[in-house]
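As structure tokens, the structure follows; a few thoughts come after it.
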Amino acid sequence: MVSEYVLREIMRRIAGDIVVGDDPGASLRRWRLEFGFTQQMIARILGVKPSVVSDYENGKRTPGSRIVRRYVEALVELDGKNGWRVVRRLSRNIGLPSEAIADLREFPEPLTVEDILYIVKGVVLTASVDPHRQVFGYTIVDSIRGILTLSGMEFYYLLGMTSERVVVFTNVTIGRSPMIAVRVSPVKPSVIVIHGPRGRVDPLALKLAELERIPLILSMARDLDELRGRLASAAEG
């Protein structure tokens, strides 16, 4: 499975390449061939005749933003049925940690730490908390996949995207590994939320959070689906 964040980012980049190119039709064709699909396959997803797809690719029709979006969605949908062969390759080429990021979104308006506490059903574990501090988005990281699949530089890259954001580490047992990673990273998130099996939180994790002056929050959401759903709802306004 490929994370929603990776899918959105790749789709955004493909659509951007098509829209800003000198010949949008040629770009549509180039990306279709990159994914290895026929015009008939794309037409079937779009619900149009293959001749319509041909017209867009040959410049006889000008694709608007809606058509470009549907076209890119068709490419990704078909690739998903093929086991994400091309999407996985593209994610490696552009440096996206596809296995570790479960979701990444922006909030329509800045939220405060107090807001985040309510959204994640959180319990504050550290004293260094400014309830009015603002955050602008969130990143959900599968801590086990992160440890198993990411190199040190890739983990720094991931955290480097998280300034003024909430980082949610899932599948956490006692919280030591995520906090050590944050400790050695040159870029720090504004808030850290941990979620996983109920149990004790490692004293070292608490100490590191205090040293970094980063609010550490334990989410009491019943499972990952609930946690992701509540955060996604906040991002959708």
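Coordinate-derived values only; no laboratory data. Remember, predicted model here, so these are calculated numbers, not experimental data. Cβ: placed from backbone, ideal geometry, glycine included. Neighbour counts: every protein chain shown.
The table that follows gives values for the structure above.
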item: Alpha carbon convex hull of region 101-235, projected area averaged over orientations, nm²; result: 6.9
item: From the C-alpha gyration tensor of region 4-93, square roots of 5λ in Å; result: 20, 15, 11
item: Amide H contacts under 5 Å for residue 100, placed H, 5+ residues apart; result: none
item: Value of Rg to Rh for the chain (Rh from inverse mean 1/r over Cα pairs, i.e. Kirkwood); result: 1.07
item: Normalised contact order of the chain, rounded percent, pairs of Cα under 8 Å and 6 or more residues apart; result: 18
item: Relative packing of 179-192, 118-131, which averages over residues the other C-beta atoms within 10 Å, highest first; result: 179-192, 118-131
item: Ranking of 35, 169 by count of other Cβ atoms within 10 Å, fewest first; result: 35, 169
item: Rounded to 10°, Cα long-axis angle of helix 4-20 versus longest principal axis of the chain; result: 40
item: Residues of type lysines that residue 121 reaches as a straight line, Cα spacing below 29 Å, ignoring anything fewer than 8 places off in the same chain; result: 188, 207
